[in-house]
Amino acid sequence: MNVTITVNGEQRVADVAASESLLNVLRDDLDLPGTKDACEQGECGSCTVILDGEAVCSCLVMAADAEGSEVTTVEGMGEEGHLHPVQEAMLAEGAVQCGFCTPGFVVAGAHLLETNPHPSELEIREALSGNICRCTGYGAILRAFETLSEEGT
Amino acid sequence: MEFVAAHDLDEALAAKAEQPDAELLAGGTDLMVEVNLVHHRPKQVVSLRRIGELREVSSTRIGAGVTWSRLERGDHRGLAEAARTVGSPQIRAAGTIGGNVGTASPAGDGLPWIAAADAAIEVRSKARGTRVVPWRDFFVGVKRTSLERDEIITAVVVPDDIPEAQEFAKVGARNAMVISTVSCLVMRGDDGFRIALGSVAPTPIRATAAEGMLNAEAKITEAALDEVARVVSEEVRPITDHRSTEAYRRHAAGVLARRLVERSLR
Ligand SMILES: Cc1cc2nc3c(=O)[nH]c(=O)nc-3n(C[C@H](O)[C@H](O)[C@H](O)COP(=O)(O)OP(=O)(O)OC[C@H]3O[C@@H](n4cnc5c(N)ncnc54)[C@H](O)[C@@H]3O)c2cc1C
Ligand code: FES
Ligand code: FES
């Protein structure tokens with residue numbers, strides 16, 4: 001069946017298979033592989049996207065159910081030639097090692113700062129608790145968001 | 001796969017009347033895990049996400065489509081505390097109380113609150129209209145409910161006189177994103193204490209022996225609190241599974257109940 005989804009501001013149509021996830025459609029049909037596929041059970045957050053204003057795991061969204069929705073993926077963060085402030089801050093703090101978790105942190109973190117520009121350390125930890133990183137030990141990631149919180153980006 | 005994106009309840013009920021085996025999709029946080037991991041392939045799906053009626057909430061009626069992230073900020077203290085412990089922000093933004101009730105997992109974190117509140121589940125079908133089922137009759141076994149094939153859960157109906165003093169806690173392997181090994185909800189009101197537990201029986205349960213014992217005490221002493229822990233440990237009916245053992249669950253149930261009764265007195 002065909003679904004029409006507005007992805008990063010652009011209307012896209014995809015032919016989706018039965019009960020396929022939005023994650024698969026983004027990566028395989030819409031050529032947006034920035035959103036990462038790791039656990040497919042909502043545990044790791046690497047597939048986080050903004051769906052109609054909420055940060056959710058795209059592996060748990062049935063693509064057919066995204067009909068008519070607005071989706072923002074990591075590819076929609078920042079502008080052509082300019083990284084999003086969250087991406088800048090993560091680079092500056094060395095918060096990226098293998099990078100597999102990074103798109104999820106960027107999307108979840110940008111969503112946090114949009115709803116709460118000056119989060120406390122606890123609020124940052126809570127907002128990012130659905131994103132798992134197996135490389136960094138989280139210290140540099142948290143520092144990046146603490147800097148952003150102070151600056152109020 | 002046939003997919004119906006229902007825009008209102010009547011449309012969803014009509015689809016269920018026509019195809020009683022169609023699966024209902026709310027936040028997808030339980031259903032999609034089955035699809036992705038167990039390769040479950042539903043033949044027909046009716047999505048409830050667009051139904052505004054199911055998202056309405058008041059102090060005595062919580063629509064089935066209300067998400068955990070909204071319940072976190074709601075006025076029922078114990079339910080808000082339980083909501084805060086569900087999964088992660090991403091899971092809470094999508095997952096609904098109706099889905100928690102529909103899945104009816106013994107570990108469902110919304111269920112002890114429903115049991116302590118003596119709430120009822122409101123369900124509806126096209127053929128027979130609305131039924132309001134007391135929670136004890138609704139949850140009948142592990143992931144089994146008395147919902148009929150053509151019915152949809154529309155709301156959790158809450159008595160208007162539930163106590164304001166409510167405490168929730170759960171035990172799990174770690175802090176974030178964890179399925180309960182044992183969960184407990186205590187309410188304290190003019191009519192006494194209510195103690196409900198999850199993950200220690202096929203359905204959520206009330207610790208009626210411990211409640212009776214506490215409510216017979218004129219003053220809650222340290223000895224009475226110790227007795228609550230002992231009685232709760234005895235009356236729960238847990239099993240050993242991949243998450244924990246029967247013995248640990250009995251112990252933890254007693255410890256949690258004691259702690260929350262004490263906390264509710266402050
Ligand atoms: C990573 C992760 C962590 C989790 N952590 C927790 C946790 O800490 N605590 C907890 O309790 N749960 C947890 N869950 C489970 C799940 O998020 C909850 O049970 C949630 O409330 C399910 O709601 P949903 O709207 O996503 O349900 P869905 O997946 O959409 O539906 C679940 C089931 O209920 C049925 N259903 C849904 N709505 C209705 C309705 N209105 N009428 C009739 N049937 C209906 C569906 O047909 C399906 O069978 C977790 C899940 C994941 C993936
Ligand atoms: S791939 Fe979706 S949460 Fe891990
Ligand atoms: S940088 Fe490797 S998983 Fe986070």
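Could you tell me whether the stretch B:48-64 includes any residue that is within 16 Å of ligand 2 (Cβ to nearest atom), closer than 24 Å to B:Ala169 by Cα and outside the structural domain of B:Glu211 (by TED's automatic domain parsing)?
no
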What about B:Gly74, is it farther than 24 Å from A:Ile132 by Cβ and either part of a helix (DSSP H, G or I) or within 12 Å of another protein chain (Cβ to nearest Cβ) (or both)?
-> no
Out of A:Ser58, A:Ser46, which single residue is buried (at least 24 other Cβ atoms within 10 Å of the Cβ), under 19 Å from B:Leu24 (Cα atoms) and in contact (Cβ under 8 Å) with a residue 24 or more places away in the chain?
-> A:Ser58
Before we move on, is A:Asp52 within 16 Å of ligand 3 (Cβ to nearest atom), over 20 Å from A:Glu126 (Cβ atoms) and at pLDDT 95 or above?
-> no
Complete set of residues in the stretch A:39-48 that are within 7 Å of ligand 2 (Cβ to nearest atom) and within 20 Å of B:Leu31 (Cβ to Cβ) | A:Cys39, A:Glu40, A:Gln41, A:Gly42, A:Glu43, A:Cys44, A:Gly45, A:Cys47
Run down A:Glu114, A:Glu93 and say which single residue is away from ligand 3 (no atom under 15 Å from the Cβ) and not assigned by TED's automatic domain parsing to the domain that holds A:Ile50.
-> A:Glu114
From the options B:Gly98, B:Gly129, residue that is modelled with pLDDT of 95 or more, away from ligand 3 (no atom under 16 Å from the Cβ) and closer than 30 Å to A:Glu40 by Cα | B:Gly98
Taking strands (runs of 3 or more DSSP E) that fall entirely within the stretch A:32-112, which contain at least 3 residues that are touching a Gly at 6+ places or on another chain (Cβ under 9 Å) and within 16 Å of ligand 1 (Cβ to nearest atom)?
-> A:54-57
Selection from the stretch A:115-141 of residues away from ligand 1 (no atom under 16 Å from the Cβ), within 14 Å of another protein chain (Cβ to nearest Cβ) and not in a loop (DSSP other than H, G, I, E, B) yields A:Thr115, A:Leu122, A:Glu123, A:Ile124, A:Arg125
Counted residues in the stretch B:42-86 being more than 14 Å from the chain's Cα centre (by Cα) and among the small types (Gly, Ala, Ser) come to 6
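The values are calculated or read from the model by the stated rules, or taken from the named source; none is laboratory data. As the structure is a prediction and not an experimental result, all values here were calculated from the model. No Cβ is skipped: glycine too gets one built from the backbone with ideal geometry, and neighbour counts run over all protein chains shown.
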